[in-house]
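First comes the structure, then the notes that go with it.
Each value in this text was obtained by applying a stated rule to the coordinates, not by laboratory testing. What you see is a predicted model, and the numbers here were worked out from it, not measured in a lab. Note: ideal-geometry Cβ built from the backbone for every residue, glycine included; neighbour counts use all protein chains shown.
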Amino acid sequence: MPRPFRLVSIEEKPERTLVKAGSCVFGGEIVPVIAGPCAVEDEALYLATAEVLASLGVSMLRGGVFKPRTSPYAFQGYGDNGLAVLRQARSLTGLPVVTEITDVRQVEEASEAVDMLQVGSRNMHNFALLREVARAGLPVLLKRGFAATIEEWLLAAEYMLAEGNGDVVLCERGIRTFEPATRNTLDISAVPVVKSLSHLPVIVDPSHASGSWRLVGPLALAAVAAGADGLMIEVHPHPNRALCDGEQSLTVERFTALLSDMKKVAEAVSRRV
């Protein structure tokens with residue numbers, strides 16, 4: 001029986017797709033690490049953090065400026081002012097930048113500030129947004145919906161490939177289950193399952209999956225061992241003062257130690273970080 005997703009299927013394209021965003025390449029031997037604070041909170045703080053992360057050898061910077069939050073009273077990001085900071089960070093470090101888009105009206109301006117657009121978990125089923133983001137011509141990071149099956153996730157990617165944008169990276173970020181011990185449940189099996197079904201790269205976000213900085217390291221190492229094509233990790237110089245997701249953010253010191261461990265695991269599975 002033919003699969004409902006045609007363009008993303010491995011039958012359609014048996015060779016693995018390499019997705020390039022600036023100098024960062026997903027799907028090859030190297031396992032890129034995307035790092036940075038959950039949100040752009042302060043210009044000086046973000047730029048200083050970006051410089052430190054660049055010195056550690058990360059592949060891409062992350063920083064949210066449009067924040068879809070569960071509560072309407074929570075910090076929603078600095079919008080256009082945040083995009084200006086991301087432009088500075090890209091210029092300062094030479095690293096590519098990814099940020100999340102939550103509305104079709106944000107696509108054009110954000111596309112001028114970053115190298116990759118992210119569609120978050122809450123918007124995976126926002127088909128109008130998927131189409132508009134695909135048409136922007138930039139690589140796209142597509143996070144799995146927190147209640148989405150793998151087939152639904154791949155069909156969301158199909159929307160973008162159908163618009164002519166084949167530069168899509170899939171991101172497993174945990175799904176909602178009955179287990180309350182973690183923020184979400186990381187579906188580590190999604191990595192090999194997706195790679196058996198699709199030619200697109202698949203990365204893992206252990207920060208949102210766990211909701212706890214103590215769990216980010218073990219989950220990141222497991223993701224590398226399982227064959228993930230990249231990692232997205234939240235790093236903040238002062239997590240206890242973060243305006244967003246501080247409890248799941250690593251300090252620079254903890255992130256540095258994790259990078260060292262990830263390199264060892266990557267080497268064991270014939271990859272490099």
>> What value in Å³ per residue do you get for the convex hull of the alpha-carbon atoms in the range 196-273?
In response: 89 Å³
>> My understanding is that a pair violates if its Cα-Cα distance is over 28 Å; which of K13/K264; K13/K67; K20/K195; K13/K263; K20/K263 do that in this structure?
In response: K13/K264; K13/K67; K13/K263
> Picking from G82, L258, I233, whose Cα lies most toward the positive end of the charge dipole for the chain (charges on Cβ: Lys, Arg +1; Asp, Glu -1)?
Replying inline: L258
> Stretched out fully, how many nm does the piece from E15 to R135 gain, at 0.36 nm a residue minus the Cα gap?
Replying inline: 40.8 nm
> What 222 nm value per residue comes from the helices of the chain, counting each DSSP H run with n ≥ 4 as -39,500 (n - 2.57) and dividing by all residues, nearest 500 deg cm²/dmol?
Replying inline: -11500 deg cm²/dmol
>> If you take every residue apart from K263 with its C-beta less than 14 Å away from the C-beta of K263, what net charge results, scoring Lys and Arg +1 and Asp and Glu -1?
In response: 0
> By how many nm would the segment from R6 to S55 lengthen if fully extended, with 0.36 nm per residue of separation less the alpha-carbon distance?
Replying inline: 13.5 nm
> Under a point-charge model restricted to the Cβ atoms of Lys and Arg (+1) and Asp and Glu (-1), what is the dipole moment magnitude of the range 69-181 relative to its Cα centre, in debye to the nearest 20?
Replying inline: 300 debye
> Of P14, S270, S212, which is farthest on the positive side of the dipole of the chain, counting Cα position, with +1 on Lys and Arg Cβ, -1 on Asp and Glu Cβ, and the Cα centre as origin?
Replying inline: S270
> Given a Förster distance of 25 angstrom, what is the FRET efficiency for S71 paired with R176, based on the Cβ-Cβ distance and rounded to 0.05?
Replying inline: 0.90
> Which Cys in the chain stand alone, with every other cysteine's Cβ at 4.7 Å or more from theirs?
Replying inline: C24, C171
> With the contact rule set at Cα under 8 Å and sequence spacing of 6 or more, what percent relative contact order holds for the range 234-273?
Replying inline: 30 percent
> Using a Förster distance of 30 Å, how high is the FRET efficiency between N81 and N240, based on the Cβ-Cβ distance and rounded to 0.05?
Replying inline: 0.80
> Residue by residue through the range 127-134, which ³J(HN,Hα) values in whole Hz follow from phi under the Karplus form 6.51 cos²θ - 1.76 cosθ + 1.60 (θ = phi - 60°), with glycine and proline marked x?
Replying inline: 5, 5, 5, 4, 5, 5, 5, 4
> In whole angstrom, and with the biggest value first, how far do the Cα coordinates of the range 41-109 range along each principal axis?
Replying inline: 36, 25, 18
> For R272 and S189 in one chain, what is 0.36 nm times their gap in residues minus the Cα-Cα distance, to one decimal in nm?
Replying inline: 27.8 nm
>> Return the equivalent ellipsoid semi-axes of the range 19-268 as a descending list in whole Å, where each equals the square root of 5 times an eigenvalue of the C-alpha gyration tensor.
In response: 23, 22, 18
> What share of Cα pairs, in percent, lie more than 25 angstrom apart in the range 112-251?
Replying inline: 26 percent
> Which value, in nm² and rounded to one decimal, describes the direction-averaged projected area of the C-alpha convex hull of the range 171-235?
Replying inline: 4.1 nm²
> What list do you get for L221, L129 if you sort them by fewest beta carbons within 10 Å?
Replying inline: L221, L129
> Relative contact order for the chain using alpha-carbon pairs under 8 Å, separation at least 6, rounded to a whole percent?
Replying inline: 20 percent
